[in-house]
Amino acid sequence: MAAQKIKKGDQVIVLSGKDKGRTGEVTKAMPKDGKVIVSGVNVHVRHVKPSQANPQGGLDRSEAPLHVSKVAHVADGKPTRVRFETQDGKKVRVAVKTGKKIDG
């Protein structure tokens with residue numbers, strides 16, 4: 001399995017769909033499914049009946065996963081692809097547009 005190009009904590013921009021152009025931080029990455037959850041993006045609303053746990057009921061808003069191909073890493077406010085390079089014997093992620101190192 002290849003290393004993940006988009007990880008938890010990354011700033012990403014949505015490339016397609018109803019939330020196209022919106023940016024947010026990756027709160028959860030699911031590499032086996034090839035999906036990510038981005039804060040404030042792809043919010044789904046579910047109507048919830050009152051129960052003992054939730055006596056009020058109402059609307060339950062939650063972020064749904066997006067496919068990793070629908071998001072791109074943000075470098076200097078613009079979307080960029082990510083590539084891997086070996087620097088000082090370590091494998092690091094590098095932004096293709098700027099050439100800057102992404103992680104530490």
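If the requirement is being more than 25 Å from E85 (Cβ to Cβ) and free of Cβ contacts under 8 Å to residues at least 24 places away in the same chain, which of these qualifies: S16, S39, S62?
Details: S16 fails: free of Cβ contacts under 8 Å to residues at least 24 places away in the same chain; S39 fails: free of Cβ contacts under 8 Å to residues at least 24 places away in the same chain.
None of the other options fit; the residue is S62.
Can you name the strands (runs of 3 or more DSSP E) wholly within segment 1-94 that have at least 3 residues being out of contact with any Leu (no Cβ under 7 Å at 6 or more places or on another chain) and polar (S, T, N, Q)? Break it down stepwise before answering.
Details: elements: 11-14, 23-30, 35-38, 43-48, 58-63, 71-75, 78-80, 82-87.
In segment 1-94, there are no strands (runs of 3 or more DSSP E) which contain 3 or more residues that are out of contact with any Leu (no Cβ under 7 Å at 6 or more places or on another chain) and polar (S, T, N, Q).
Yes or no: segment 45-62 includes at least one residue that is modelled with pLDDT of 95 or more and open to solvent by less than 30 Å² (accessible area, probe 1.4 Å).
Scanning segment 45-62 turns up no residue that is modelled with pLDDT of 95 or more and open to solvent by less than 30 Å² (accessible area, probe 1.4 Å).
Does segment 18-29 include one or more residues that are out of contact with any helix residue (DSSP H, G or I) (no Cβ under 8 Å at 6 or more places or on another chain), open to solvent by 80 Å² or more (accessible area, probe 1.4 Å), of a type in the set (D, E) and modelled with pLDDT under 95?
No - not one qualifying residue is present in segment 18-29.
Scan segment 72-93 and report the pairs whose first residue is of a type in the set (K, R) and whose second residue is modelled with pLDDT of 90 or more and not in a strand (DSSP E or B), with Cβ atoms within less than 6 Å and a gap of 6+ or a chain change.
From segment 72-93, the pairs are R81/V96; R83/V96.
Among the listed residues G77, G99, G89, identify the single one that is at positive phi and surrounded by 11 or more Cβ atoms within 10 Å (Cβ to Cβ). Before you say what the answer is, go through the steps one by one.
Working: G77 fails: surrounded by 11 or more Cβ atoms within 10 Å (Cβ to Cβ); G89 fails: surrounded by 11 or more Cβ atoms within 10 Å (Cβ to Cβ).
Exactly one residue qualifies, and that residue is G99.
State which residue is nearest to K18 (Cα to Cα) when the search covers only segment 49-95 and only residues that are over 18 Å from the mean Cα position of the chain (by Cα) and of a type in the set (A, V, I, L, M, F, W, C). Show your work before the answer.
First, pick out the residues of segment 49-95 that are over 18 Å from the mean Cα position of the chain (by Cα): 49-60, 84-92.
This time we only want the ones that are of a type in the set (A, V, I, L, M, F, W, C), so: 53, 59, 84, 92.
Numbers: A53: 32, L59: 20, F84: 30, V92: 32 Å.
Filtering segment 49-95 for residues that are over 18 Å from the mean Cα position of the chain (by Cα) and of a type in the set (A, V, I, L, M, F, W, C), the one nearest to K18 (Cα to Cα) comes out as L59.
Would you confirm whether any residue within segment 4-11 is in contact with a Pro (Cβ under 7 Å, 6 or more places away or on another chain) and surrounded by 13 or more Cβ atoms within 10 Å (Cβ to Cβ)? Let's see the steps before the verdict.
Step one: list which residues in segment 4-11 are in contact with a Pro (Cβ under 7 Å, 6 or more places away or on another chain), which gives 4.
Next, only the ones that are surrounded by 13 or more Cβ atoms within 10 Å (Cβ to Cβ) stay: 4.
Yes, some residue in segment 4-11 is in contact with a Pro (Cβ under 7 Å, 6 or more places away or on another chain) and surrounded by 13 or more Cβ atoms within 10 Å (Cβ to Cβ).
The values are calculated or read from the model by the stated rules, or taken from the named source; none is laboratory data. This structure is a prediction, so every number in the text was calculated from the model and none was measured. Note that each Cβ is placed from the backbone with ideal geometry, even for glycine, and that neighbours are counted across all protein chains shown. We work out accessible area using only protein heavy atoms, side chains counted, and drop any ligands, DNA or RNA first. Shrake-Rupley method; radii C 1.70, N 1.55, O 1.52, S 1.80 Å.
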